[in-house]
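The values are calculated or read from the model by the stated rules, or taken from the named source; none is laboratory data. A quick note: this is a predicted structure, and the numbers were derived from the prediction, not measured. Because the Cβ atoms are built from the backbone with ideal geometry, glycine has one as well, and the counts that use them run over all protein chains shown. Side chains included, ligands, DNA and RNA excluded: accessible areas come from the protein's heavy atoms. Shrake-Rupley method; radii C 1.70, N 1.55, O 1.52, S 1.80 Å.
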Amino acid sequence: MAVTSEPTSAPGAASAESGRPADPQPPVPGALSALGWARWTWRTLTSMRTALILLFLLAVGAVPGSMLPQRGVSVEQVNNYVTEHPDVAPWLDRLYLFDVYSSPWYAAIYLLLFVSLTGCVLPRALAHYRAMRAQPPRTPRNLGRMPYSATFTTAAGPEQVLTGARGRLTRHRIRTETDGPNGAKSVSAESGYLREAGNVLFHLALLGLLAALATGSFLSYRGNMLVVEGDGFANTVTSYDAYFPGTAVDQDDLQPFSFEVENFDVSYVQEGEVSGQAASYTADLSYRSSPEAPERDHKLEVNNPLSVDGAQVYLLGHGYAPEFEVRNSEGDVVFDQPVPFIARQERTFTSDGVVKVPDAGEQQLGFTSVFLPSAAKGPGGDLVSDFPAARDPVVTLTGYRGDLGLDSGASQSVYQLDTEDMNRLGESPELRPGESWKLPDGAGTVTFTGYSDYISMQVNSNPARLPVLIAASTAVLGLLATLFVRPRRVWVRARAREDGRTVVEVAGLGKSENAALTADFHSFATSLRDRLREGPATETGTKE
């Protein structure tokens, strides 16, 4: 058996039966080259839609920073949050939600927004600059189609009409031309470029604001510390409880100022629903801008920071530092100083603290303590504080003896006591100022000698503060121009009739819908007519 085969037609060849060419094969889209992908990525990144999305993400990313305590503001509050929420806090920490503004994901959004705005704003600014230098558009052939149009006749000649129109359009860019088959002359005027200029200025200022903030993050530093009333502070890294330098900050560049807290006063609301709420904090400081500078005084308040050589010292809050005297078994004083306690309840200032006595003898001493500024019996008979002021200060102690673990090499918090290698001595009675607790087994004596106030403070040095202020102010000015400037176009055409009179057409177009523009156009047409000293105008075709 013979097997025969017919040749297959090539794509595009004529069909043997119909004699018509076969349908061509659809083209296969080719893959983008590396340069094509780069162009597509750049266009997508620099589009206004992407910039708005990134700006929205930046705002959303800042929400956790306003809801959760941040290490850059208060390390103590972060530690308290971790203690109160031991299950969820480690996960939040892994996501940098206690360091939102220095986190990698927030920095990525920030940098992408900066690049996107740069790619959006700079070409737009150049386009607006070219538009400002260009002439206004030509006069349309049919002015009656404009949102506002009016027509009147006058005995003045066309040149006189256009001269009068130019005199009324002093704040407009003007273009004069001859158009139409009858030799009609016209004036084309445009104003309101400040609106788009304000829009461009706003976005350029926003770009400058981002750049200033980024510069500030490199050149600025901040630090937190607690200073007990009567003590001092020198601006060195070792003096801070928490120190956050910028990338380009060297510890030798810190301003060499120092100060001493002479006195601290706090007043509370005594009555009403907000009883116990702080009414004012005031600290009297004596400071020097450098070791050689003369001493000066400053009253530090919440909204009145101390400014020294570009650094600002802010008052954040206050607390209590109970004072203890500890004697060992031989009666020697081995500890005598105030110890800052951390407020457990802001409304009553019930505070917790730890006293560590490493030099008590062969075995070290440690105490966990609760300070009650205004001791009172609670509903269940327990001892509580019912007011934040120190009306009846009381402390209670739980004592331990053994090894504090200070020589282990591991870092310890001053607000926590490691009791793993220590034996419990027991609990003290309620101690008021001047009262003592004799420790069991002849371990010594603890005396509650009184208390001092301490203030929590923050030092902030940011050389980009002035550029940030200028950029923010410029952005507001640009936004105001965008909101209140009304761009418009006005055309005036003058054409001589056979009877010697001149037909004048006036038209106006606003780039934004605004009822006031129609009234402005009508006022212009009326004033032009009156300037030509003609009788009542015959107005037609006015469109609201």
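One table, with the values for the structure above:
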quantity: Rounded accessible area per residue of the chain, 1.4 Å, Å²; calculated: 57 Å²
quantity: Note, ³J(HN,Hα) from phi for segment 81-91, Karplus 6.51, -1.76, 1.60, rounded to Hz, x at Gly and Pro; calculated: 5, 5, 5, 6, 10, x, 7, 8, 4, x, 5
quantity: Amide H within-cut-off set for Ala375, under 5 Å, with H built and near neighbours excluded; calculated: Asp392, Val394
quantity: Under Karplus coefficients 6.51, -1.76 and 1.60, residue-wise ³J(HN,Hα) of segment 188-201 in Hz, glycine/proline x; calculated: 10, 10, 9, 9, x, 5, 5, 5, 5, 4, x, 5, 5, 4
quantity: Cα gyration tensor shape for segment 395-469, rounded if a/c is under 1.5, else prolate or oblate; calculated: oblate
quantity: Rounded if a/c under 1.5, otherwise prolate or oblate - segment 303-385, Cα gyration tensor axes; calculated: oblate
quantity: Relative contact order of the chain, pairs being alpha-carbon contacts under 8 Å that are 6 or more residues apart, as %; calculated: 19 percent
quantity: Cα-Cα over 31 Å, subset of Lys185/Lys511; Lys377/Lys438; Lys299/Lys356; calculated: Lys299/Lys356
quantity: Phi-based couplings in Hz for segment 373-382 (Karplus 6.51, -1.76, 1.60; Gly and Pro marked x); calculated: x, 10, 5, 7, 7, x, x, x, x, 6
quantity: Accessible carbon and sulfur surface of segment 133-256 relative to its total accessible area, %, 1.4 Å; calculated: 51 percent
quantity: Global geometry of segment 446-498, whether rounded, prolate or oblate, following the gyration tensor of its Cα atoms and the 1.5 cut on a/c; calculated: prolate
quantity: Amide H contacts of His318 (H built 1.01 Å from N, under 5 Å, at least 5 apart or other chain); calculated: Ser456
quantity: Lys, Arg +1 and Asp, Glu -1 on Cβ, resulting dipole of the chain about Cα centre, debye, nearest 20; calculated: 6120 debye
